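Below: one structure, written as structure tokens.
Here, each number is a calculation from the coordinates, and none is a lab measurement. Just so it is clear, the structure is predicted and the values come from calculations on it, not from any experiment. All Cβ positions, even for glycine, are placed from backbone atoms using ideal geometry, and neighbour counts span all protein chains on display.
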Amino acid sequence: MSKARIVISSLSLSAAALVGLAVHEGYTDKAVIPVKGDVPTVGFGSTTRADGTPVKMGDSTTPVQALQRTLAYTQNAEKRFKACVTAPLHQGEYDLYMDFGYQYGMGWICKSFAPPLNAGRYLEACDKLLEFRKVNGFDCSTPGNRVCMGVWTRQLERHATCKALAVQ
């Protein structure tokens, strides 16, 4: 039985998705460079401090502060998401694209995913996930790589989930 898509204005990031995002990102109490050549992150992958300035090496946080920062970011990201994606989505699709936006930035949602989603081309939007496989010019889909295989694995998981939801 197919579940109906929901009007985008009625959706918000689920608690399960927020927890999943935190698990995928992992927690660090001190700023780290997650992948060679990337920008510093702290907490659950935050690249900015609470005041909006970039994270710098030496910055630190607590689990509570990190979760508050992640929640604040996702709440702002939801506004951006809903400003460009107008198509109805399943809750799982919404959560998936919000998770992607947290990792890559919401600008990519509006640029790459909104056009096919808003045209009702859900499978096409899913396939666009596979275009995001590079980190600093390195193709993370390269078999056996030790640079960023986790990035590619996460994209493959998103793609499989997306395709399953798109046909519902």
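Entry note, the chain: the mean residue ellipticity at 222 nm calculated from DSSP H runs of n ≥ 4, each adding -39500 (n - 2.57), is -14500 deg cm²/dmol after division by the residues and rounding to the nearest 500. Once you have a ≥ b ≥ c as the square roots of the Cα gyration tensor eigenvalues for the range 74-168, tell me rounded if a/c is under 1.5, and otherwise prolate or oblate according to whether a/b is larger than b/c. Judged from the Cα gyration tensor, the range 74-168 comes out prolate (a/c at least 1.5, a/b above b/c). Rounded to the nearest whole Hz, the Karplus-based 3J(HN,Hα) values (6.51 cos²θ - 1.76 cosθ + 1.60, θ = phi - 60°) of the range 122-137 follow the sequence 5, 5, 4, 4, 4, 5, 5, 4, 6, 6, 9, 10, 10, 10, 6, x, with x at glycine and proline. A cut-off of 5 Å between modelled amide H atoms, ignoring neighbours fewer than 5 places along the same chain, links H90 with I6.
Counting lysine pairs in the chain whose alpha carbons fall under 29 angstrom apart, excluding pairs fewer than 8 residues apart on the same chain, gives 28. Using a ≥ b ≥ c from the Cα gyration tensor of the chain (square roots of the eigenvalues), is it rounded, prolate or oblate, where a/c under 1.5 gives rounded and otherwise the larger of a/b and b/c decides, a/b for prolate? Cα axes put the chain in the oblate bin. With contacts taken as Cα pairs under 8 Å at a separation of at least 6 residues, the range 8-162 carries a relative contact order of 20 percent. In order along the range 161-168, the Karplus-derived 3J(HN,Hα) couplings, from 6.51 cos²θ - 1.76 cosθ + 1.60 at θ = phi - 60°, round to 5, 4, 4, 4, 6, 4, 8, 7 Hz, and Gly and Pro are given as x. Remark: spin-label model distance L156-S9 equals 4.1 nm, labels positioned 7 Å along the Cα→Cβ axis.
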